[in-house]
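Scroll down for the structure; my scribbles are underneath it.
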Amino acid sequence: MRPLEEQKDTVNFTKRLYEIIRKKEPISRKDVKLIAMQDFFCRYNFGDYSKAITSLLKGFEGLRVFSKSGKTRINDEEFLSSKLFK
């Protein structure tokens, strides 16, 4: 078992990804990961980033992002925004 200070805080992690998307929108999933890695270096793996972004695409604690394609299954080149794409 990991000590409490080393456990992953997925709620704050997901909220931080939302803030990155909101400030830089539209932004690709790849760029969100690159920016967030500076804050969370070696604490989360690539799967955690994808899972958190998927949660945001489906709605996470009142936070929601949208993909340009309108899908929840996306690749790293897909653009994200906190507002609907036209």
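We did not get these values from a lab; they are worked out from the coordinates using the rules stated. Keep in mind that what you see is a predicted model, and the values were worked out from it rather than measured. Positions of Cβ are backbone-derived with ideal geometry, glycine not excepted, and every protein chain shown enters the neighbour counts.
Among residues other than G47 with Cβ under 12 Å from its Cβ, the summed charge is +2 (Lys and Arg +1, Asp and Glu -1). Matching the structure-derived mean projected area of the Cα convex hull in nm² against the labelled list [x] 5.7; [y] 6.8; [z] 6.2 gives the label [x]. For the chain, the list of chymotrypsin sites (Phe, Trp or Tyr not before Pro) that fall in a loop by DSSP and count at most 13 other C-beta atoms within 10 angstrom reads F41, F85. Have a look at G62, G47, G70 and tell me which one the Gaussian network model of the chain (Cα, springs below 10 Å) gives the largest fluctuation. Top of the fluctuation ranking is G62.
Compared with the alpha-carbon gap, the fully stretched path from K68 to S82 is longer by 4.0 nm at 0.36 nm per residue.
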